[in-house]
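The values are calculated or read from the model by the stated rules, or taken from the named source; none is laboratory data. The structure displayed is predicted, hence computed values, not measured ones. As a convention, Cβ positions derive from the backbone with ideal geometry for all residues, glycine included, and neighbour counts pool all protein chains shown.
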Amino acid sequence: MNNEITFAKYHGTGNDFILIDDRQEHLNLSQAQIENLCNRRFGIGGDGLMLLRNSDKADFQMIYYNSDGKESSFCGNGSRCIIAFAKTLMHFEHFSLEFQGLIKTFELLQNEEISVNMGQTFDLKALNDIDFEVETGSPHFVRIVDSLAQFDFVAMARAIRYSDPYPQGINVNLMRIIDANHIEVRTYERGVEDETYSCGTGVTACSLVAMKNFPKSRIVLINTKGGKLQVKKDDKNFVWLTGPAKFIFQAKINMIIFDH
């Protein structure tokens with residue numbers, strides 16, 4: 001492996017990622033190296049790292065690692081960011097992405113916004129009147145609350161994330177319903193092990209809970225710490241996550257600094 005790596009930083013409503021073009025498949029990063037690259041004090045900093053690779057099934061393939069260096073489940077914001085990154089390399093107008101054998105499709109909109117088709121059917125389980133489990137490509141716990149400010153959110157989320165019902169861990173969301181088409185969300189992400197500014201699969205999970213409570217609702221606007229997202233059901237009941245995917249900077253880093 002060449003010691004010098006070119007990378008780009010992108011974010012989707014504050015959910016930030018290190019993106020690397022690995023279509024030649026020359027990279028073999030260790031868990032420790034990925035964790036160090038994502039470290040905000042000693043590395044580049046990011047909620048995750050993604051490799052762009054070739055695919056026989058789609059326009060390209062996404063390999064995604066959380067900031068703990070472990071390969072992770074689907075990332076809604078990250079997938080939109082890697083689409084924006086891929087467009088600078090391949091100049092396509094319509095994209096499909098392979099992730100762990102599944103194919104995702106995207107629509108490129110104006111003002112740096114990108115929509116990802118999150119799917120048509122989802123496993124949504126009501127635990128009680130306020131608590132839900134939702135699978136949106138990643139597993140999420142959703143709790144409806146009256147206020148997002150009244151909790152020590154990280155401590156509460158960690159208690160749920162590490163609880164006995166979830167031996168593999170679970171992402172944890174608090175959701176405040178503003179009205180039938182508008183919610184506010186905070187998300188704690190496993191693998192990052194902290195609250196993030198936004199989570200695409202998390203806001204999708206919360207929107208599905210909101211739509212369950214308001215069956216006539218087809219569009220949900222979501223306020224997150226990092227900005228606004230939208231989840232919409234089309235006329236075939238496919239769920240689309242829409243939001244910005246913004247370039248931050250591009251640079252090179254010498255991996256020798258992580259060998260000591």
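Determine whether Val203 is outside any strand (DSSP E or B) and within 17 Å of Gly78 (Cβ to Cβ). Outline the logic, then answer.
Numbers: outside any strand (DSSP E or B): yes; within 17 Å of Gly78 (Cβ to Cβ): yes.
The answer is yes for Val203.
Restricting attention to segment 101-117, does a residue exist that is surrounded by 14 or more Cβ atoms within 10 Å (Cβ to Cβ), under 22 Å from Gln230 (Cα atoms) and in contact with a Pro (Cβ under 7 Å, 6 or more places away or on another chain)?
Looking through segment 101-117, at least one residue is surrounded by 14 or more Cβ atoms within 10 Å (Cβ to Cβ), under 22 Å from Gln230 (Cα atoms) and in contact with a Pro (Cβ under 7 Å, 6 or more places away or on another chain).
I'm told His11 meets every condition in (1) assigned to a loop (DSSP other than H, G, I, E, B); (2) closer than 15 Å to Cys81 by Cβ except one. Can you identify the failing condition by its number?
(1)
What about Ser55, is it of a type in the set (Ser, Thr, Tyr) and buried (at least 24 other Cβ atoms within 10 Å of the Cβ)?
Spelling it out, it is not the case that Ser55 is of a type in the set (Ser, Thr, Tyr) and buried (at least 24 other Cβ atoms within 10 Å of the Cβ).
Could you please find all residues in segment 223-252 being over 19 Å from Met175 (Cα atoms), in contact with a strand residue (DSSP E or B) (Cβ under 8 Å, 6 or more places away or on another chain) and either modelled with pLDDT under 95 or not in a strand (DSSP E or B) (or both)?
Residues satisfying the conditions are Asp234, Phe238, Ala245.
One line per residue, one yes/no per condition, for (1) outside any strand (DSSP E or B); (2) of a type outside the set (Val, Ile, Thr); (3) touching a residue at least 40 places away in the same chain (Cβ under 8 Å):
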position	(1), (2), (3)
Ile34	yes, no, no
Leu37	yes, yes, yes
Arg40	yes, yes, no
Leu52	no, yes, no
Lys57	yes, yes, yes
Tyr64	no, yes, no
Phe74	yes, yes, yes
Gly78	yes, yes, yes
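Scanning segment 231-260 for residues that are in contact with an Asp or Glu (Cβ under 9 Å, 6 or more places away or on another chain) and polar (S, T, N, Q), which turns out surrounded by the most Cβ atoms within 10 Å (Cβ to Cβ)?
In this case the residue turns out to be Thr242.
Residues to consider are Phe60, Phe7, Phe74; find the one that is within 15 Å of Phe249 (Cα to Cα), aromatic (Phe, Trp, Tyr) and either in contact with a Leu (Cβ under 7 Å, 6 or more places away or on another chain) or buried (at least 18 other Cβ atoms within 10 Å of the Cβ) (or both).
Being within 15 Å of Phe249 (Cα to Cα), aromatic (Phe, Trp, Tyr) and either in contact with a Leu (Cβ under 7 Å, 6 or more places away or on another chain) or buried (at least 18 other Cβ atoms within 10 Å of the Cβ) (or both) holds for just one of Phe60, Phe7, Phe74, which is Phe7.
Would you pick out the residues in segment 75-118 that are at pLDDT 90 or above and acidic (Asp, Glu)?
Of everything in segment 75-118, those that are at pLDDT 90 or above and acidic (Asp, Glu) turn out to be Glu98, Glu107, Glu113.
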